Amino acid sequence: MKRIFLLIATNLAVLLVASIVMSILGVNTSTMGGLLVFAAIFGFGGAFISLAISKWMAKKPWVVKSSRLHAIVPNVG
């Protein structure tokens with residue numbers, strides 16, 4: 001639940017910054033709403049897909065083994 005809240009809060013913060021930058025740069029306000037909706041759809045969609053894939057990848061044992069191998073070879077861990 002905390003991960004989803006942080007994901008949504010981050011995406012909303014990105015949209016806020018994008019709207020501030022567009023208003024500073026003088027983007028027409030009639031097109032700004034459409035651009036923000038478009039950015040929100042793709043941003044939230046990509047973020048949720050990334051969140052789902054990362055959770056799925058974390059559960060795979062071969063990822064842990066390959067991560068350990070990459071850490072051991074150069075004497076990182």
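State which residue pairs qualify: first residue in a helix (DSSP H, G or I) and inside region 4-27, second residue of a type in the set (Ser, Thr, Tyr) in any location, beta carbons under 8 Å apart, and separation of 6 or more residues or different chains. Close Cβ pairs (under 8 Å, with a partner that is of a type in the set (Ser, Thr, Tyr)) amount to 23/29. Selection of first residues in region 48-77 that are surrounded by 11 or more Cβ atoms within 10 Å (Cβ to Cβ) and of second residues that are at pLDDT 70 or above and assigned to a helix (DSSP H, G or I), restricted to Cβ pairs under 7 Å at least 6 apart or on distinct chains, gives the following pairs, ordered by first then second residue: 51/3; 51/7; 63/57. Looking across 41, 24, 53, one residue alone is under 18 Å from residue 3 (Cβ atoms), of a type outside the set (Gly, Ala, Ser) and out of contact with any helix residue (DSSP H, G or I) (no Cβ under 9 Å at 6 or more places or on another chain). It is 53.
The values are calculated or read from the model by the stated rules, or taken from the named source; none is laboratory data. Since the model is a prediction, treat every value here as computed from it, not as a measurement. Please note: Cβ atoms are built from the backbone with ideal geometry, for glycine as well, and neighbour counts cover all protein chains shown.
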